[in-house]
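Data block below; observations after.
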Amino acid sequence: MKKYLSVFGNFILVFVAVLCTTGAVISAFSFEVDMTTAVLVWAVTALAIALNFHFMRVKGLLILLIPTLLLLLWRLPDIIAGATWAMYFISSEFYRWLFVSILFYGTEAYAYQLTLFFTALGVALSFLLSISICLRRSTWLTVLFTLPIVFLTFVVIFFLANPLYLGGLLAVYLTLLFSNALASDSYEKRSLAVFPAIGLAVLLMAITFALAPPGEHTRSDIARTVDSSLRHFASRTGISRLRTGLGWPILQGDRWAFDTNHVGISQAGTRVIHDVEIMEVVVDTPGIFYLRGYSMQHFDGNAWTVNSETLPTGALDPIMRGMPSLIAQQYKFLTSDRAVNEHMSYMSIYITGDASWNIVYTPYFTFSPFTQRQHTNPYSFEFFHGDNILPMSEAVAESGVFTFEIDLTEMNRAIRSPETYLQIDEHTAEALREFAVEVGIDLTASDAQITAQVGSFLEGFGTYTLSPFVVAEDEDFVMYFLRHSRQGFCIHYATAGTLMLRALGIPARFVSGFIVVAQRHEVGEPIVITDRYAHAWVEVFFDYVGWLPLEVTPPATGFGPSDGRPGPGGVAQFTPGWDEYYYEDLFLPDWMFDSVEPFDPGEAGIGGFAAEAPEGITLVLRGIGIGLLVAVVLAAPFINRRIVMRRREQQFTQDDTNAAAIAAWRYLNRLHRFRKSTPPSAGVEDIALKARYSQHSISEDERADIVRYAGEYAQKVYEYRNGPFSRFWVKYIRGM
């Protein structure tokens with residue numbers, strides 16, 4: 001029975017190690033592999049290895065290796081095809097930011113060839129693991145054979161392996177460690193000790209997962225920290241392929257500027273913040289306000305290349321941007337709603353460090369003309385904010401009392417032209433429509449509802465980072481962003497939002513400008529705006545309403561009640577300002593505080609801003625759990641030695657003197673590995689041979705002699721080892 005348990009223990013360890021190692025790579029890079037076939041082959045291979053090794057040791061592995069090689073040679077062309085495509089895909093992802101060559105560029109493979117390759121990889125790994133697990137029972141060899149393969153999924157943080165595979169591989173490591181500690185002096189007992197060791201490993205991992213569940217935000221924070229550290233190291237050592245990309249925006253000497261004719265998205269790389277002062281803003285209302293700078297119309301798959309003002313429809317822009325404020329005025333006259341007056345604000349802008357001479361920064365829904373900046377500095381605006389423009393426009397249209405002096409039909413048709421704000425590559429549009437259906441966007445809903453759904457989806461999508469990878473120029477940026485990378489900052493999200501809306505038949509454009517954060521005590525005082533507050537968002541066009549802003553960049557915990565996300569009725573709140581009533585509940589977005597000192601709400605004097613702390617009981621339990629885990633790790637070597645010493649004493653003092661002498665001789669042989677220059681004495685060996693082969697029991701004196709000699713020999717081994725760490729390793733880790 002013990003033999004079969006030993007075989008089963010070896011089978012479990014080899015199979016799980018192969019499954020979790022290969023499965024981690026497959027799940028991380030989303031390779032199309034028939035896992036049912038692969039798992040079945042790996043299981044049969046692991047079982048055959050365990051059986052052959054148990055009955056024939058190394059000879060059994062050699063016998064099994066011959067038919068395995070013949071099978072691999074039979075399907076070798078398909079295996080090579082799958083291997084070259086996998087290496088091409090992985091190396092192309094590494095090429096995004098490292099100085100590595102793309103291997104086997106342009107190769108292709110079928111799904112069954114990829115399945116054959118990973119199946120063969122698992123079989124080869126099974127033979128290697130049979131050496132480390134079945135033959136040597138070595139944790140370190142097992143780590144050496146498996147971790148380099150799994151590490152591929154950590155270098156590129158975008159590709160995260162299924163945590164179950166990583167957890168299973170960690171369980172294998174822990175099981176080997178525990179089994180060696182529980183039965184350090186017998187190979188057969190170490191094989192049987194696999195089962196209690198599995199229990200200990202699962203218990204330890206269950207405690208860890210209970211203290212830090214996989215869905216907790218701290219895990220993504222750790223991944224982001226690792227990601228940032230790897231990039232920083234690559235940059236400092238010179239192995240980074242592209243340190244900062246093209247950058248966004250740009251710094252020209254000591255002057256800062258937007259590039260209003262070209263915004264590189266795929267090649268933007270890391271956003272560098274210089275904290276250069278751009279302007280001073282005075283506003284008479286607290287809140288967060290968007291200052292519109294410029295908009296882009298044409299996207300070529302990698303960059304925005306055409307400024308909206310250069311289009312034939314550019315002359316219509318002031319009219320369509322002024323329409324919402326006109327609607328607000330008409331709504332006021334129609335309803336005598338004094339709330340409209342309460343949402344009237346005044347803003348003055350004084351440019352101090354911006355070299356973008358052709359940009360007039362404008363708050364949304366202004367009643368003032370779009371004055372050219374070169375004619376006056378500072379310049380000022382009166383504008384409306386606070387309520388949703390769309391319900392107002394519906395009320396105005398239904399009244400039939402007000403009419404516009406100009407015909408907007410031709411203007412709407414020009415903006416909805418495929419050559420203007422519905423411009424998008426046909427293949428990209430089709431892929432985006434399929435993606436929209438996958439994520440649950442209702443394509444039959446109204447334009448306002450679809451816009452709200454797209455904005456809500458993107459605000460909860462992916463991970464915000466100022467250091468995204470550079471995307472290869474031959475990639476379709478938006479599909480790569482949505483399907484693979486899932487990381488970026490405002491320009492990446494705004495680009496994805498603009499193109500998704502265009503693909504769904506809604507005119508949209510990419511907009512850049514600034515965010516102004518006005519706290520209560522700053523009302524009426526100059527607020528310094530630096531390049532840190534440069535931002536990008538989406539503008540969406542609605543017939544007979546005009547251009548409305550839409551925020552799509554993920555916020556921290558909420559961006560206020562009028563932040564461009566779906567409102568109670570499923571219609572987006574497009575107004576980009578907040579009044580004093582809402583300001584108590586204000587939350588600032590993540591991107592304002594990346595790479596800067598944490599915001600202290602106590603110093604800023606904003607009520608209701610502090611993040612809610614975890615409950616005390618949760619902190620206490622986590623503290624106790626982490627403390628226990630640290631204590632177990634520190635105490636493990638000493639507990640291991642105590643257990644080993646007690647078992648050894650039981651073996652040396654057992655009633656069967658022959659078995660006791662044999663146990664002492666085995667202990668001496670293990671000690672001899674650490675002091676090969678001095679073998680055990682011949683007299684002691686004679687006692688061991690007598691105990692092993694004689695039909696009579698050895699005397700108590702002979703047993704005492706060999707046990708005493710073993711103790712003296714062990715002491716000499718301790719003294720022979722140089723340094724405290726070496727002695728600690730022999731005594732407490734190896735259990736000598």
For Glu459, work out the one condition from (1) in contact (Cβ under 8 Å) with a residue 24 or more places away in the chain; (2) under 28 Å from Ser92 (Cα atoms); (3) crowded, with 16+ Cβ neighbours inside 10 Å it doesn't fulfil. (2)
Set Ser138, Ser126: member being at pLDDT 85 or above, polar (S, T, N, Q) and closer than 28 Å to Leu177 by Cα: Ser126
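Results for (1) in the same structural domain as Leu291 (by TED's automatic domain parsing); (2) among the hydroxyl-bearing types (Ser, Thr, Tyr); (3) under 23 Å from the mean Cα position of the chain (by Cα), shown as yes or no for each residue.
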| position | (1), (2), (3) |
| --- | --- |
| Met411 | yes, no, no |
| Gln423 | yes, no, no |
| Glu438 | yes, no, yes |
| Phe457 | yes, no, yes |
| Ser467 | yes, yes, yes |
| Glu475 | yes, no, yes |
| Arg483 | yes, no, yes |
In region 517-532, how many residues are under 20 Å from Thr260 (Cβ atoms) and in contact with a Leu (Cβ under 9 Å, 6 or more places away or on another chain)? 2
How many residues of region 446-497 are among the aromatic types (Phe, Trp, Tyr) and in a helix (DSSP H, G or I)? The answer is 5
Across region 267-286, what is the number of residues that are modelled with pLDDT under 85 and surrounded by 20 or more Cβ atoms within 10 Å (Cβ to Cβ)? 4
Criterion (in a helix (DSSP H, G or I), buried (at least 16 other Cβ atoms within 10 Å of the Cβ) and at pLDDT below 70) met by exactly one of Arg321, Arg224: Arg224
Flag for Thr313 being assigned to a strand (DSSP E or B) and either modelled with pLDDT of 75 or more or of a type in the set (Ser, Thr, Tyr) (or both): no
So the helices (runs of 4 or more DSSP H) completely within region 347-445 holding 1 or more residues that are surrounded by 15 or more Cβ atoms within 10 Å (Cβ to Cβ) and at pLDDT 90 or above are 426-438
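The values are calculated or read from the model by the stated rules, or taken from the named source; none is laboratory data. Not measured: the values here are computed from a predicted model. Every residue, glycine as well, gets a Cβ built from its backbone with ideal geometry; the counts of neighbours run over all protein chains shown.
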